[in-house]
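Worksheet: the structure to be examined is printed underneath.
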Amino acid sequence: MQLPAIVAEELERRGIRLTPLDIHDKEFTKSFKGYNENEVDEFLDVIIQQYEQLYTVIIDCFRVMSEQEEDMRKLAAAKEPVSFNAPSQVQLDAILRRLRKVEIHCWGSIQE
C-alpha cells in the first residue's frame with residue numbers, strides 16, 4: 001500500500017517506520033524448540049491485515065484534515081465575511097406577532 005507523501009512524512013517524523021510489507025517480509029531463524037511456524041505465520045497475517053486497515057484510517061484522516069485546512073484557507077482569504085441566511089421581513093413580522101401574543105398573554109397588554 002503506497003502512502004501519500006504527507007502521511008509517510010508524518011509517520012516518519014513520529015518514528016513509525018514499520019509497514020505491512022515489512023511485517024510480511026520479516027523472516028525469523030529457526031531454533032530447536034522454536035515457535036510453531038504456522039501459528040506465527042497466521043498471527044502475522046492478522047497483524048498485516050489490521051495494520052493495512054490502520055493505514056487506511058490514517059490516510060482518510062489526513063484527507064479530511066487537508067480538506068478542512070483548505071476550507072479554512074478559503075474562508076480566511078475571502079474578502080467578504082461569511083454570511084448566513086438572514087430571516088426575511090415576512091419571517092420577522094411573524095416573530096413579532098408571536099411575541100405580541102406572548103406579551104398579551106403574560107401581562108394582559110403589550111408593554112411599551
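Exactly one of (1) at pLDDT 80 or above; (2) not in a loop (DSSP other than H, G, I, E, B) is unmet by Gly34. Its number?
For Gly34, the failing item is (2).
Any idea how many residues of segment 9-30 are on the phi < 0 side of the Ramachandran plot and open to solvent by less than 80 Å² (accessible area, probe 1.4 Å)? Don't jump to the end; show me each part of the working.
At the first step, the residues of segment 9-30 found to be on the phi < 0 side of the Ramachandran plot are 9-14, 16-30.
Filter again for open to solvent by less than 80 Å² (accessible area, probe 1.4 Å), leaving 10-11, 16, 19-20, 22-23.
Qualifying residue count, segment 9-30: 7.
If we keep just the residues of segment 79-89 that are at pLDDT below 80 and exposed (fewer than 10 other Cβ atoms within 10 Å of the Cβ), which is nearest to the chain's Cα centre (by Cα)?
Going residue by residue through segment 79-89, those that are at pLDDT below 80 are 79-87.
Narrowing further to those that are exposed (fewer than 10 other Cβ atoms within 10 Å of the Cβ): 79-86.
Values: Lys79: 28, Glu80: 28, Pro81: 26, Val82: 23, Ser83: 25, Phe84: 25, Asn85: 27, Ala86: 30 Å.
Only one residue tops the list, namely Val82.
Only one residue in Arg17, Arg63 is closer than 16 Å to Gln2 by Cα and outside any helix (DSSP H, G or I), so which one is that? Step through it out loud before you land on a result.
Working: Arg63 fails: outside any helix (DSSP H, G or I).
From the options Arg17, Arg63, the qualifying one is Arg17.
Can you tell me which of (1) open to solvent by less than 70 Å² (accessible area, probe 1.4 Å); (2) assigned to a helix (DSSP H, G or I) is the one Ile6 doesn't meet?
Result: Ile6 passes all but (1).
The values are calculated or read from the model by the stated rules, or taken from the named source; none is laboratory data. Predicted model, so just to flag it, every value in this text is computed and none were measured. Cβ: placed from backbone, ideal geometry, glycine included. Neighbour counts: every protein chain shown. Each accessible area value is taken on the protein alone, full model and side chains, heavy atoms only, with ligands, DNA and RNA left out. Shrake-Rupley method; radii C 1.70, N 1.55, O 1.52, S 1.80 Å.
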